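Q: I'd like to ask you about the structure that follows.
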Amino acid sequence: MPSTFSYQFDTPSHKGITEFSTGLFINGEFVDGSENSTIDVINPATGKLITKISQGTPKDVDRAVAAAQHAFETSWGLKCPGAERAKLMNKLADLMEEHEDELAAVEALDNGKTFYWAKNADLKGAIDCIRYYAGWADKIQGKTIETNDGKLVYTRHEPLGVVGQIIPWNFPLLMLSWKIGPALATGNAIVLKPSEFTPLSALLTAKLAKEAGFPPGVFNVVNGYGATVGAAIAEHMDIEKVAFTGSTLVGRKIMEAAAKTNLKKVTLELGGKSPNIIFDDADLEAAVNWAAFGIFWNQGQTCCAGSRIFVHAKIYDEFLHLFTEKAKQVKVGDPFHPDSKQGPQVSNAQFDRIMSYIDSGKDEGATVHHGGVRVGDEGYFISPTIFTDTRPDMKIVKEEIFGPVGVVIKFDDDEDVIRQANDTVYGLACSVFSQNINRALETAHKLKAGTAWVNCANMLHASVPFGGFKQSGIGRELGEYALENYTAVKAVHVNFGHQWSVA
Amino acid sequence: MSKFTQVNVPATGKNVSGFERSRLLNKLADLIERDAQELAELEALNNGKPVKIARDFDIGDSVGCLRYYAGWADKIVGQSIDIDNKTKLAFTKHEPIGVCGQIIPWNYPIMMWAWKVAPALACGCTIVMKPSEFTPLTALKLSELVVEAGFPPGVVNTVPALGSVGGAALAAHPGVDKIAFTGSTVTGRKIMEAAAKSNLKKVSLELGGKSPQLIFESADIDQAANWAALGILYNTGQDCTAGSRVYVQDSIYDKFLQTLIEKAKALNIGNGFDEKSGGGPVVSKVQYDKIWSYIDAGKQEGAKCVLGGEKRPGKGYFVDPTIFTEIKPGMKIVKDEIFGPVLSVGRFKTEEEAINLANDTTYGLGAGLHSNDAGQCMRVSQALEAGTVWVNQYNLLYNNVPFGGKKQSGIGRELGSYALDEYTSVKAIQWNYGEKLDWPL
C-alpha cells in the first residue's frame with residue numbers, strides 16, 4: 001500500500017492540512033510501483049526532503065495503458081457523450097476551485113514558486129483551462145462535404161484512444177491542465193507522467209479526479225523518471241499519441257522514439273530564447289515592468305521567457321537604470337512569505353546549471369550588471385540577474401538558461417534588430433514595445449515566433465493557441481487548435497446510387 | 001410601452017468577458033437543476049404537462065442547453081484575413097448584436113426560454129423577454145434564479161404582457177437590435193413587418209409546421225408506429241414539429257394503421273399531477289375550442305374518424321388522441337396546423353408520390369421517414385423540404401444540433417453552433433499600417 005502524504009501548512013500565506021496518497025494512480029486506485037521503489041521529493045526552499053512518492057516503471061506504464069484502453073473502449077471515448085465528459089470536467093474544476101488554496105500551497109512547497117503566484121496564476125489558469133475545454137466536449141464537429149449526387153460524405157473527428165502526456169516541473173498543475181483539458185474533452189484516455197521533481201499537485205489532482213467521478217482508467221498518473229517512464233510512454237506500441245513539454249533535447253528523443261516504434265502522433269512544447277524588443281517610442285515605464293515580468297516571473301523558469309531584451313540606443317541608459325531598479329525590488333525568499341516575489345529555483349541541478357551559465361557569461365566577457373549570485377545559504381535561491389555588453393555568439397545569448405537571468409542588448413537599426421531577434425533556432429514567443437502601432441505590428445509580423453506579444457509579455461489565455469516555430473516545438477496547445485492534437489479525422493463516404501462494374 | 005423605453009441595458013459583451021459569461025450560465029444551469037422539482041410543478045400547473053415530463057425532459061434539456069451555450073461563451077471567434085502582409089491587417093470580430101427582444105410560446109415555456117436565453121447570453125447580448133401570457137409563471141421564477149446566479153442587473157429582463165401589446169412593442173422598438181420569436185406563422189409575419197417598418201432589426205422566427213412522416217414498406221412497423229405516436233401525441237400534440245400527417249405505403253397500410261391506433265389508445269391523457277399521465281390537457285379554452293373546430297371540420301369535409309373525435313365529459317381541456325383517415329390534400333385538417341393530438345393519415349404507392357405528398361405544404365419545419373432501405377433513406381431525406389429530417393425516429397432534439405424551418409416555418413436556426421450566428425454581428429476591421437494614400441487619385 002502506498003503511503004499517505006499528510007502535511008500541515010502553518011505559514012503567513014496559508015494554514016491548513018493537505019493529505020493524499022503518494023502512489024501511482026492507475027485504474028482509479030492509488031497503487032505501489034511494480035518495484036516498490038520510491039523517489040525523494042525535495043523542498044527547493046530548504047533542500048530538505050518533503051516526502052517520498054512511488055516510482056513507476058515501464059511495467060507500470062503497461063498497466064496504466066491497459067487500464068486506459070479498457071476505459072476508452074467501455075466507459076469513455078465515444079461511449080461517453082460529450083455533455084457527460086463536460087460535466088465531469090466541470091466537476092473537477094469545481095473541486096479544484098474548492099481546494100484552490102490547498103493546491104496552491106502544495107505547488108509552492110514542491111516547486112518553490114511563491115504561494116501568491118501559485119494561487120493567482122497557476123491555479124486560476126489551470127481551473128480556467130479545464131472549464132474552457134469542458135465547454136468544447138460536446139462540440140467536436142466534423143463537416144459534410146459536397147462531392148456529387150448519389151454520395152454522402154462527412155468527416156468524423158474521433159478520439160485517438162490512449163494518449164501519453166509528459167509534463168515539466170515549471171508549472172506543474174498548469175501544464176497538467178493544458179494537457180488533460182483537450183485530451184479529456186475529445187474523449188481520450190490518459191497516461192500522464194508528471195516531472196519527478198514536482199509530482200505532488202498531480203497526485204492531489206488525481207484524488208480530486210476520482211472524487212469528481214471520472215470512470216477508472218480514464219486518467220492515470222505514473223510518476224517516475226524520464227529515462228524509464230517517459231521513454232516507456234514514447235515507445236509504447238499502444239499509445240496513439242505523445243504530448244511532451246520540456247527541453248528541446250528531450251523533445252528530440254521523444255520524437256525519435258515515436259518514429260522508431262508505432263509512428264504515434266507527436267506534439268512538442270520545447271524551449272525558447274524569446275526576444276523582447278523595446279523601441280524608442282515605447283511607453284518606457286510600462287516596458288520596464290513587462291520586461292521584468294517577462295524574465296523574472298516564475299524564477300525565470302518559463303519556456304516563453306523574454307530572455308533577450310533588445311533596447312533601442314536612445315532609451316538604453318534610462319531603460320537599464322529603471323530595469324535594474326525593478327530587479328532590485330524583487331524580494332527573493334520564502335515562497336510562503338507574503339512579501340516574497342521570487343522563490344528558489346526548482347532543484348539543485350537547475351541551480352547549478354544556472355550558476356554555470358552565469359559563470360560562462362563572466363568568462364566570455366559579458367558584464368554582470370546586476371545580481372549573478374546565490375541568495376542565502378539554504379535552498380536554491382538565485383538573485384535576479386542582468387547581463388550587458390554581450391556578443392551574439394555568447395552562450396548566455398544563444399542558449400536557454402531557464403533562470404532569472406536577462407541579457408540586455410542595445411540596438412539602433414529596426415531591420416537589424418529583427419534579424420538578431422530571429423537569429424536563433426528557437427521560435428516560441430516574442431514581445432514588441434512601441435506606441436507606434438504600425439511599427440509594433442510590422443515588427444510582430446516579421447518575428448518568427450508562435451506568440452507575439454505587443455506591449456505586454458507572458459499573457460496567456462486558455463482560448464488562445466500557444467506553441468513554437470522552429471525548434472521550439474511542433475503543434476499548438478490551448479484554444480480550439482489543441483483539439484486537433486487529440487482527434488483523428490475519418491472521412492466516411494456513403495454511396496447510395498453509384499453502381500460499380502468491371503467493364 | 002414605457003417600460004421598454006426605460007430599460008437602458010448595457011451590452012454585456014463589452015464589459016463581461018466570455019469566461020465570466022460562461023461561469024454565470026453554468027451557475028444558472030446549476031440553480032435550475034437544484035430547483036427542478038419546484039419548476040416542474042409550476043410548469044405542470046400553468047401549462048398542464050405532466051410533472052415528471054416537465055422535470056426530466058423539459059427541464060433536463062433546458063439545463064443541458066444552458067450548459068452547452070456556457071461552453072460557447074468564451075469561444076466566439078472571428079477570423080484574421082490576409083490582404084497584404086506588408087501593410088495591412090484585416091480581422092473580424094463577432095460582436096454581440098445588442099438588445100434582443102425574445103418572445104416565447106406556451107407549449108414548452110421553460111425550454112423555449114432556455115433556447116432563447118442561452119445563446120443570447122453566451123454571445124454577450126442583453127435580453128427583454130416576453131413570455132406567453134398563458135404561461136408566464138416559470139419565466140418569472142427563472143428570473144429569480146438569474147439574479148441569484150449573479151447576472152448584472154439589466155442583462156435579462158422579463159415583461160409578461162399580451163402579444164398585441166408587449167410583443168408588438170418589442171418588434172417595433174427602435175432600441176431593440178434583434179427580435180427572436182417562436183409562435184404562429186400569422187404572428188411571425190407581423191413581427192417581421194414591424195421590424196421592417198421600424199429599425200430593420202434582425203429577425204429570427206420559429207413558426208408553425210404541418211410535418212409529415214413517411215412510413216415505407218421496409219420499415220419496422222412496430223417501431224415506426226411508436227415514433228408516429230410520439231410525433232403527434234407528445235406534449236398533447238402542442239409541438240411545432242408535431243408529425244401531424246402520416247403517409248403509409250399501400251402494402252403495409254392496414255397493418256400499420258391498426259398498430260398505430262393501438263399505440264395511440266395506450267397513452268393516458270390526464271391531470272399533469274397524476275403520476276399515471278403520459279400527457280396532459282391542452283393549454284387553454286381558446287386552444288381547446290380551436291382543436292375541436294378542426295375535428296368538426298374533418299368530419300364535415302368527409303374524412304373518416306377512426307379514433308377519438310368525441311368530447312370528454314367533465315372539467316379540463318382534455319382532448320383524446322384523434323386519428324382521421326381517407327384524407328384529401330385540400331382538407332383543412334390536412335393543410336392547417338391544428339396544434340393538438342389530431343392526426344391525418346394518408347397513403348401512397350411510390351416513393352416519388354410520398355415525397356410529393358410530404359412536400360405539398362407551405363410549411364417546412366420537420367419531417368420523418370421510416371425505412372430499412374439505406375438508399376431510400378438517403379434519397380428521401382435529401383428530397384424532403386424540412387429544416388430537420390428524422391430518419392427512423394421522430395421529434396428528438398439535441399442541444400448541439402441546429403433546428404429551424406424551411407419555407408414558411410421560419411427564418412434562422414436555433415441550437416447548435418448555428419444559433420450563435422443569430423446573436424452576433426460581424427464587424428470587419430481593416431487596419432492599415434503601411435499604405436500611404438496619394439491625393440488626388
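Q: What number of residues within segment A:228-265 satisfy the criterion of being at pLDDT below 95, within 18 Å of residue A:189 (Cβ to Cβ) and within 18 Å of the chain's Cα centre (by Cα)?
A: 0
Q: Please go through segment A:247-262 and give me each residue that is touching an Asp or Glu at 6+ places or on another chain (Cβ under 9 Å) and crowded, with 23+ Cβ neighbours inside 10 Å, ordered by number.
A: The one that is touching an Asp or Glu at 6+ places or on another chain (Cβ under 9 Å) and crowded, with 23+ Cβ neighbours inside 10 Å: A:251.
Q: Please list, ordered by residue number, the helices (runs of 4 or more DSSP H) wholly in segment B:58-153 having 1 or more residues that are within 14 Å of chain A (Cβ to nearest Cβ).
A: Helices (runs of 4 or more DSSP H) meeting the threshold: B:60-72, B:109-122.
Q: Is it fair to say residue A:449 is part of a helix (DSSP H, G or I) and either buried (at least 20 other Cβ atoms within 10 Å of the Cβ) or not assigned by TED's automatic domain parsing to the domain that holds residue A:366 (or both)?
A: So residue A:449 does not fit the description; no.
Q: A follow-up question, please. Would you mention how many residues in segment A:116-137 are within 11 Å of chain B (Cβ to nearest Cβ) and out of contact with any helix residue (DSSP H, G or I) (no Cβ under 8 Å at 6 or more places or on another chain)?
A: Within segment A:116-137, residues that are within 11 Å of chain B (Cβ to nearest Cβ) and out of contact with any helix residue (DSSP H, G or I) (no Cβ under 8 Å at 6 or more places or on another chain) number 1.
Q: Right, another one. Within segment A:364-414, can you find the residues that are aliphatic (A, V, I, L, M), over 25 Å from residue A:318 (Cβ atoms) and buried (at least 16 other Cβ atoms within 10 Å of the Cβ)?
A: A:375, A:382, A:401
Q: From the list A:498, A:461, exactly one residue is modelled with pLDDT under 95, within 30 Å of residue B:22 (Cα to Cα) and part of a loop (DSSP other than H, G, I, E, B). Which is it?
A: A:461
Q: Could you run through segment A:73-95 and say how many residues are on the phi < 0 side of the Ramachandran plot, more than 14 Å from every other protein chain (Cβ to nearest Cβ) and under 26 Å from the mean Cα position of the chain (by Cα)?
A: 2
Q: State which residue is farthest from residue A:152 (Cα to Cα) when the search covers only segment A:477-503 and only residues that are surrounded by 18 or more Cβ atoms within 10 Å (Cβ to Cβ) and more than 14 Å from every other protein chain (Cβ to nearest Cβ).
A: Among those that are surrounded by 18 or more Cβ atoms within 10 Å (Cβ to Cβ) and more than 14 Å from every other protein chain (Cβ to nearest Cβ), it is A:477.
Q: Which of the residues belonging to segment B:161-188 are of a type outside the set (A, V, I, L, M) and over 23 Å from residue B:424 (Cα atoms)?
A: Selection gives B:163, B:164, B:166, B:184, B:185, B:187.
Q: Additional query: Determine which single condition residue A:429 fails, assuming it passes every other condition in (1) more than 12 Å from chain B (Cβ to nearest Cβ); (2) over 30 Å from residue A:127 (Cβ atoms); (3) modelled with pLDDT of 95 or more.
A: (2)
Q: Which of (1) in contact with a Pro (Cβ under 7 Å, 6 or more places away or on another chain); (2) part of a loop (DSSP other than H, G, I, E, B); (3) within 14 Å of chain B (Cβ to nearest Cβ) does residue A:113 not meet, given it meets every other one?
A: Tallying (1) in contact with a Pro (Cβ under 7 Å, 6 or more places away or on another chain); (2) part of a loop (DSSP other than H, G, I, E, B); (3) within 14 Å of chain B (Cβ to nearest Cβ), residue A:113 fails exactly one: (3).
Q: Exactly one of these conditions fails for residue A:435: (1) part of a loop (DSSP other than H, G, I, E, B); (2) in contact with a helix residue (DSSP H, G or I) (Cβ under 8 Å, 6 or more places away or on another chain); (3) touching a residue at least 60 places away in the same chain (Cβ under 8 Å). Give me its number.
A: Unmet for residue A:435, out of (1) part of a loop (DSSP other than H, G, I, E, B); (2) in contact with a helix residue (DSSP H, G or I) (Cβ under 8 Å, 6 or more places away or on another chain); (3) touching a residue at least 60 places away in the same chain (Cβ under 8 Å): (2).
Q: Of everything in segment A:462-476 that's within 12 Å of chain B (Cβ to nearest Cβ) and in contact (Cβ under 8 Å) with a residue 24 or more places away in the chain, which residue is nearest to residue A:155 (Cα to Cα)?
A: A:463
Q: Here are the criteria: (1) within 14 Å of chain A (Cβ to nearest Cβ); (2) within 17 Å of residue B:139 (Cα to Cα); (3) out of contact with any Lys or Arg (no Cβ under 9 Å at 6 or more places or on another chain). Tell me which single one residue B:25 does not satisfy.
A: Looking at each condition in turn, residue B:25 falls short on (3).
Q: Also, I was wondering about something else. Considering only segment B:193-238, how many residues are closer than 26 Å to residue B:352 by Cβ, assigned to a helix (DSSP H, G or I) and over 21 Å from the mean Cα position of the chain (by Cα)?
A: Residues flagged as closer than 26 Å to residue B:352 by Cβ, assigned to a helix (DSSP H, G or I) and over 21 Å from the mean Cα position of the chain (by Cα) within segment B:193-238 amount to 4.
Q: Right, here's the next one. Which one is nearest to residue B:383 (Cα to Cα), of the residues in segment B:339-358 that are among the β-branched types (Val, Ile, Thr) and surrounded by 20 or more Cβ atoms within 10 Å (Cβ to Cβ)?
A: Checking each candidate, the answer is B:355.
Q: Right, something else. Would you check which residues across segment A:433-443 are closer than 10 Å to residue A:418 by Cβ and at the interface with another protein chain (Cβ under 10 Å from one of its Cβ atoms) and list them?
A: Of everything in segment A:433-443, just one residue is closer than 10 Å to residue A:418 by Cβ and at the interface with another protein chain (Cβ under 10 Å from one of its Cβ atoms), namely A:442.
Q: Here is a further query. Quick check on segment A:45-83: of everything there that is in contact with a strand residue (DSSP E or B) (Cβ under 8 Å, 6 or more places away or on another chain) and of a type in the set (Ser, Thr, Tyr), which residue is surrounded by the fewest Cβ atoms within 10 Å (Cβ to Cβ)?
A: If we take residues in segment A:45-83 being in contact with a strand residue (DSSP E or B) (Cβ under 8 Å, 6 or more places away or on another chain) and of a type in the set (Ser, Thr, Tyr), then A:51 is surrounded by the fewest Cβ atoms within 10 Å (Cβ to Cβ).
Q: While we're here: Output yes when any residue across segment A:263-282 is farther than 30 Å from residue A:229 by Cβ, out of contact with any helix residue (DSSP H, G or I) (no Cβ under 8 Å at 6 or more places or on another chain) and surrounded by fewer than 18 Cβ atoms within 10 Å (Cβ to Cβ), and no when none is.
A: Taking every residue of segment A:263-282 in turn, none turns out to be farther than 30 Å from residue A:229 by Cβ, out of contact with any helix residue (DSSP H, G or I) (no Cβ under 8 Å at 6 or more places or on another chain) and surrounded by fewer than 18 Cβ atoms within 10 Å (Cβ to Cβ).
Q: Moving on to the next point. Between a residue in segment A:154-170 that is closer than 17 Å to residue A:232 by Cα and any residue that is basic (Lys, Arg) and assigned to a loop (DSSP other than H, G, I, E, B), which pairs come within a Cβ distance under 9 Å, given they are 6 or more apart or on different chains?
A: A:163/A:264; A:164/A:264
Q: Ok, one more. For segment A:135-154, which residues satisfy the criterion of being outside any strand (DSSP E or B), surrounded by fewer than 18 Cβ atoms within 10 Å (Cβ to Cβ) and in contact with a His (Cβ under 6 Å, 6 or more places away or on another chain)?
A: Answer for segment A:135-154, where residues must be outside any strand (DSSP E or B), surrounded by fewer than 18 Cβ atoms within 10 Å (Cβ to Cβ) and in contact with a His (Cβ under 6 Å, 6 or more places away or on another chain): A:142, A:150.
Q: Mind listing whichever residues of segment A:415-438 are buried (at least 19 other Cβ atoms within 10 Å of the Cβ) and farther than 29 Å from residue A:243 by Cβ?
A: Result: A:417, A:418, A:432, A:433, A:434.
The values are calculated or read from the model by the stated rules, or taken from the named source; none is laboratory data. Computed from a predicted structure; not experimentally measured. Quick reminder, even Gly has a Cβ in these numbers, built from the backbone with ideal geometry, and neighbours come from all protein chains shown.
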